[in-house]
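The block underneath contains the structure these notes are about, expressed in structure tokens.
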Amino acid sequence: MNKKINIIGMGYIGLPTALMFATSGVKVVGSDYNRALVEQLNQGKITFEESGLPELFEHARTCGIEFDTNYHTTDIYIVAVPTPYDKVSKKIDPVYVIKAVRGILDVCEVGAVIIIESTVSPSTIDRFIRPVINEKGLVIGRDIHLAHAPERIIPGNMVDELKKNARTIGVDDRTIGERIKKLYESFCEGEIVITDIRTAEMTKVVENTYRDINIAFANELAKICRSDDLDVYEIIRIANKHPRVNILQPGPGVGGHCISVDPWFLVGDYPGLANIILAARKINDSMPEFVLERVHQIMKKEGLSDLSKVGLYGLTYKENVDDVRESPTLQLLEAMERHLAPALKVFDPWVSKDLVENQYHDFDQFLTDVEVVVIMVAHQHIKDQMSKLKGKVILDTKNVCHLENSYKL
Ligand code: SAJ
């Protein structure tokens, strides 16, 4: 059995994964270059909100998990750092993964295994990671073993999905794959498939792209139905009763650091070939502006014109999480800024930091100050107190409000 693993990157994926290993009998060091974050973890304070995470964190601490800004000498490393993409070329920027691998090579022993969990586009490991190892005069397969084991967990249900989801492990050498499989089996109850590295890279990006395309289809249907006065939700509900149809839900756009990002890797890497994928991205990216158009239509119909009386409920990229990355509300506010329109009022019970202009931290005050409420995110918080919206003009982009005066996408 492996003695100790070092997980690099204590963010949304690295931290829950580290906690899961630590509570399953594996000795774990979680490393992150962010000193403040490491200090916070060492003081016993969790760094983001996620259901079941505080309990898991407490348990992991009793199991002796360590957090450090340095990398440790161990026989297995897991890299879970962000992989941003270049906004213009749409290509992945593997800078953080490269940096992590360089840091590992500085401390690791011969025979160490480096597992990349961060999402990377097909061939990133061949093009960027193998050369970093070769540069050091190390032979892959002899001195260092490489693997790609992309994460699949969904924010909001991470702890459960870490246990239950099937996983993919891409490796050059099956015996190493079996060793890694055994390690993940310390907590993962789902099927673990061993394949090669490029297949694992592609599969991960394909999974998120599939979901993006399905959501884009729902969003396109929402636009079509709006133009012809049809109820898109009713149509999707009935269509989904067909045994081979499963259309997702329309909404104000697609955010988060996964689904709104990964398909761009395919668009950037396969120009001219990734056509549906590109169309889907454009449709989903058009939704925040579609919401603005709907606000305009509804205000006109209601005889309202004062934009300062419009409030956006929700700033996160989806319900019941505190993550605002690429969120549709941020996209909408940016679109307004581009058009030199004044910023709308915003409230989100999950966001305590001041991130945008006109942001409220008191729900009741927010409601007092607005006449039109646009529901951008269906947090449980609003579902539980929907009646407070009585008397407001409502644009419900998530189909959760059944009050009078509520309009849909
Ligand atoms: N959304 C819709 N309609 C839907 C479902 C989602 O508009 O019917 C929107 C959400 O509101 C959100 C965005 O899509 O803005 C993405 O949310 P999500 O819940 O679909 O997915 P993520 O980004 O939180 O997590 C995804 C998951 N991938 C898949 O389901 C294929 C997760 O399993 C991955 O681990 C994660 O990406 C990742 O890290 O790659």
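What the table below lists for this structure:
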read-out: Failed condition for ILE13, given (1) farther than 19 Å from VAL321 by Cα; (2) open to solvent by 20 Å² or more (accessible area, probe 1.4 Å); (3) of a type in the set (A, V, I, L, M); value: (1)
read-out: Flag if LYS309 is over 30 Å from ASP86 (Cβ atoms), surrounded by fewer than 19 Cβ atoms within 10 Å (Cβ to Cβ) and away from the ligand (no atom under 11 Å from the Cβ); value: yes
read-out: Candidate set from segment 312-335 (those that are surrounded by 19 or more Cβ atoms within 10 Å (Cβ to Cβ) and not in a loop (DSSP other than H, G, I, E, B)); member that is nearest to the ligand (Cβ to nearest atom); value: PRO328
read-out: Residue match in segment 48-62 (condition: crowded, with 22+ Cβ neighbours inside 10 Å, assigned to a loop (DSSP other than H, G, I, E, B), among the small types (Gly, Ala, Ser) and out of contact with any Phe, Trp or Tyr (no Cβ under 7 Å at 6 or more places or on another chain)); value: no
read-out: Top-ranked residue in segment 185-209 [being in a helix (DSSP H, G or I) and among the charged types (D, E, K, R); ranked as surrounded by the most Cβ atoms within 10 Å (Cβ to Cβ)]; value: LYS204
read-out: Selection from segment 87-111 of residues that are open to solvent by less than 70 Å² (accessible area, probe 1.4 Å) and in a loop (DSSP other than H, G, I, E, B); value: SER89, LYS90, ASP93, PRO94, CYS108, GLY111
read-out: Test: residue in segment 161-177 that is away from the ligand (no atom under 11 Å from the Cβ), touching a strand residue (DSSP E or B) at 6+ places or on another chain (Cβ under 6 Å) and assigned to a helix (DSSP H, G or I); value: yes
read-out: Count - residues of segment 121-160 that are touching a strand residue (DSSP E or B) at 6+ places or on another chain (Cβ under 9 Å), open to solvent by less than 30 Å² (accessible area, probe 1.4 Å) and within 16 Å of the ligand (Cβ to nearest atom); value: 6
read-out: Failed item in (1) closer than 30 Å to GLU371 by Cα; (2) surrounded by 16 or more Cβ atoms within 10 Å (Cβ to Cβ); (3) at pLDDT below 95, with CYS258 passing the rest; value: (1)
read-out: Residue in segment 288-304 that is more than 20 Å from TYR407 (Cα to Cα), in a helix (DSSP H, G or I), more than 16 Å from the ligand (Cβ to nearest atom) and open to solvent by 20 Å² or more (accessible area, probe 1.4 Å) present; value: no
read-out: Tally of residues being part of a loop (DSSP other than H, G, I, E, B), of a type outside the set (Val, Ile, Thr) and over 30 Å from the mean Cα position of the chain (by Cα) across segment 360-409; value: 7
read-out: Close pairs from segment 228-253: first closer than 17 Å to ARG281 by Cα, partner open to solvent by 80 Å² or more (accessible area, probe 1.4 Å) and within 16 Å of the ligand (Cβ to nearest atom), Cβ under 7 Å, at least 6 apart; value: ILE247/PHE217
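Matching residues to (1) assigned to a helix (DSSP H, G or I); (2) more than 9 Å from the ligand (Cβ to nearest atom); (3) touching a Phe, Trp or Tyr at 6+ places or on another chain (Cβ under 7 Å):
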| residue | (1), (2), (3) |
| --- | --- |
| ARG211 | yes, no, no |
| HIS242 | no, yes, no |
| GLY253 | no, no, no |
| VAL267 | yes, yes, no |
| GLY272 | no, yes, no |
| ILE276 | yes, yes, no |
| SER286 | yes, yes, no |
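The values are calculated or read from the model by the stated rules, or taken from the named source; none is laboratory data. Quantities reported herein were computed from a predicted structural model and do not represent experimental measurements. Don't worry about glycine lacking a Cβ; one is built from the backbone with ideal geometry, like all the others, and counts go over all protein chains shown. For the accessible areas, the whole protein counts, side chains as well, though only heavy atoms, and no ligand, DNA or RNA atoms are used. Shrake-Rupley method; radii C 1.70, N 1.55, O 1.52, S 1.80 Å.
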